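Here the structure comes first, spelled out in structure tokens, and everything after it is commentary.
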Amino acid sequence: MLAIFFLLLFVLLFLSVPIASSLSLATIAGVWMHDTLPMQIIPQRIFIALNSFPLMAIPFFILAGNLMSAGGMSQRLVNFAGTLVGHRTGGLAMVAIVTSMFFAAISGSGAATTAAIGSILIPAMVARGYHIEYVSANQAVAGALGVIIPPSIPMILYGVAAEVSIGDMFLSGILPGLLITASLLVSAYIIAKKRGYHGVERKSMSDVGKAFKEAILALLMPIIVLGGIYSGVFTPTEASVVAVVYSFIVGFLIYREISFQKLVETLRSSAISSSIIMIVIGAAGLFGFFLSITGVPDMLYDAISGLISSKYVFLIIVNILLLIAGMFMDGGAAILIFVPLLFNTAVNLGIDPVHFGTIMVVNLAIGLVTPPVGIDLFVVSQISKISISRVARAAVPLIFLLIFDVLIVSFVPFLSTWIPSLLK
């Protein structure tokens, strides 16, 4: 039964059947072949998977990020980042990275971060003489920070799937996010030095202060969200609603850049994005239940423990597995699939649950920039009007840099666990 179940799943995935459909069809077949499971269990388990209060944070954080983008936040963040690093060698490339870090603390999505910042900076960088392949690759990789810097939608999914504190997961992404940001800034400087990408004129302190004043409302949102969670004022789910209200007030009433038509389009796109994620969550919940009821995680642990006694070897295998998975499926779907398979083994080997979740999220962030399914590649390709293959080739050195960062995050647990431990 399990052999047929997994064979059907892999065949469906190989045929590019959507993730939710592949999981659902394979699991329905598995339930049908099972001796004791009734077919009525299928809608029940899908409903149970979706009947989760923390999951309500996902559509609200998606909407908050879209409202921030529609409300002119991204342009103000670009202006502020430009006053900080725009004058340095490779300044505009650094601006793209720093602004993506700022916007990641608003959107929780890699694609949203890439689109919001790339649409502004890619044309500006090309006009300044940057090679279009490099600026596209740089923005795609910087956009991956959107799922690492809190709030992060994949971290919410991991927290729900592994029953780990979402607040702790948010905090665990801060230092890894800063590590990746720093490494990308260094790479931007080295590449710019080699290719002669010069910075713009240094801004005065008054210009910095003016840009900061214009961007302060955008910069305050992550402080309000995380501060509210850890001061006990509201839960992560309630924080997502606060983020929506805050971004609407700023964009509609203060900046006045959200028209009624733009608001309707923002609500529509947010609803579509949320629906896609929720369909995948329901299918993955059914999939995880079937794995659990058939004892697959225990069998996997027995097989691994018989061959691997070191958690470090296990982490290397997990990194390779997730790197490959990220090439072919969305990161959120990969988390929902692999948490039921790998989580118990990781915990039994002595790996901290929060650390393991951070490894998964950072690893799958690379999938945003690896073909054939790297969504950030598709986004920048549409903006820059060049082929995905050209962007992917230019991104190869940066992808290797991200892999190096993933190894640091994997084997230095301190980066993931230190900040959450401070607030316990």
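When the accessible area of the chain is split by element with a 1.4 Å probe, what percent falls to carbon and sulfur? The computed percentage sits at 69.
Extension gain, ILE403 to PHE234: 0.36 nm times the residue separation minus the Cα-Cα distance gives 57.3 nm. Legend: calculated FRET efficiency, ILE4 to ASN344, from the Cβ-Cβ distance at R0 = 22 Å, rounded to 0.05, equals 0.35. Remark: the LEU423-GLU265 segment gains 52.9 nm on full extension, using 0.36 nm per residue and subtracting the alpha carbon distance. Only protein heavy atoms count here; under a 1.4 Å probe, TRP418 has an accessible surface of about 110 Å². Extending 7 Å from the Cα toward the beta-carbon at both LEU15 and HIS198 defines two label points whose distance is 5.9 nm.
Rounded if a/c is under 1.5, else prolate if a/b beats b/c, else oblate: with a ≥ b ≥ c from the C-alpha gyration tensor eigenvalues square-rooted, which is the range 47-187? Prolate. Roughly how large, in nm² to one decimal, is the mean projection of the convex hull of the alpha-carbon atoms in the range 158-294? Average of the hull's projected areas for the range 158-294 equals 13.6 nm². In the context of the full set of protein chains, residues of the range 1-134 present 40 Å² of accessible surface per residue (probe radius 1.4 Å, heavy atoms only). Averaged over its residues, the range 241-397 has an accessible area of 44 Å² per residue, based on protein heavy atoms and a 1.4 Å probe. For THR89, tell me the accessible area in Å² from a 1.4 Å probe, rounded to the nearest 10. We get 40 Å² for THR89. Judged by the mean number of other Cβ atoms found within 10 Å, the most tightly packed of the peptides 346-356, 108-118 leads the ranking 108-118, 346-356. Placing a label point 7 Å from the Cα of GLN382 along the Cα-to-Cβ direction, the residues of the range 114-129 whose backbone N falls under 19 Å of that point are 114-124.
Shown in residue order for the range 27-38 are the 3J(HN,Hα) couplings computed by the Karplus curve 6.51 cos²θ - 1.76 cosθ + 1.60 at θ = phi - 60°: 6, 4, 5, x, 5, 4, 7, 5, 5, 10, 7, x Hz (x for Gly and Pro). Rounded to whole Å, the principal axis extents of the Cα atoms in the range 13-120 read 68, 33, 17, largest first. Every pair of different Cα atoms in the range 191-270 enters the Kirkwood calculation, which places the hydrodynamic radius at 15.7 Å.
Ordered by residue, what ³J(HN,Hα) values in Hz, to whole numbers, does the range 44-60 give under the Karplus form 6.51 cos²θ - 1.76 cosθ + 1.60, where θ = phi - 60° and Gly and Pro are x? Taking θ as phi minus 60°, the curve returns 4, 6, 5, 5, 4, 5, 8, 7, 9, 4, x, 5, 5, 5, 4, x, 6 Hz for the range 44-60.
Would you list which lysines come within 19 Å of LYS203, measuring only between C-alpha atoms, while excluding same-chain residues fewer than 8 positions from it? By straight Cα distance, LYS203 reaches LYS213.
Protein-only accessible surface at a 1.4 angstrom probe places the residues ASP207, ASP35, ASP376, ASP298 in the order ASP35, ASP298, ASP207, ASP376, largest first. Taking the three principal axes of the alpha carbon atoms in the range 112-179, the coordinate ranges are 48, 20, 15 Å, sorted in descending order. Shape descriptor for the chain: Rg over Rh equals 0.98 (Cα atoms; Rh from the Kirkwood inverse mean 1/r).
Prolate is the label for the range 301-424, because the ratio a/c of its alpha-carbon gyration tensor axes (a ≥ b ≥ c) is 1.5 or higher and a/b is greater than b/c. Hey, quick one: spin label on ILE254, modelled 7 Å out along Cα-Cβ, who in the range 68-98 has an amide N within reach, i.e. under 17 Å? From the range 68-98, the list is 68-81.
The values are calculated or read from the model by the stated rules, or taken from the named source; none is laboratory data. Note that this is a predicted model, so its numbers are computed, not measured. Neighbour counts run over all protein chains shown; Cβ positions are idealised from the backbone, glycine included. Note: accessible area is taken over every heavy atom of the protein model, side chains too, but ligands, DNA and RNA are not part of it. Shrake-Rupley method; radii C 1.70, N 1.55, O 1.52, S 1.80 Å.
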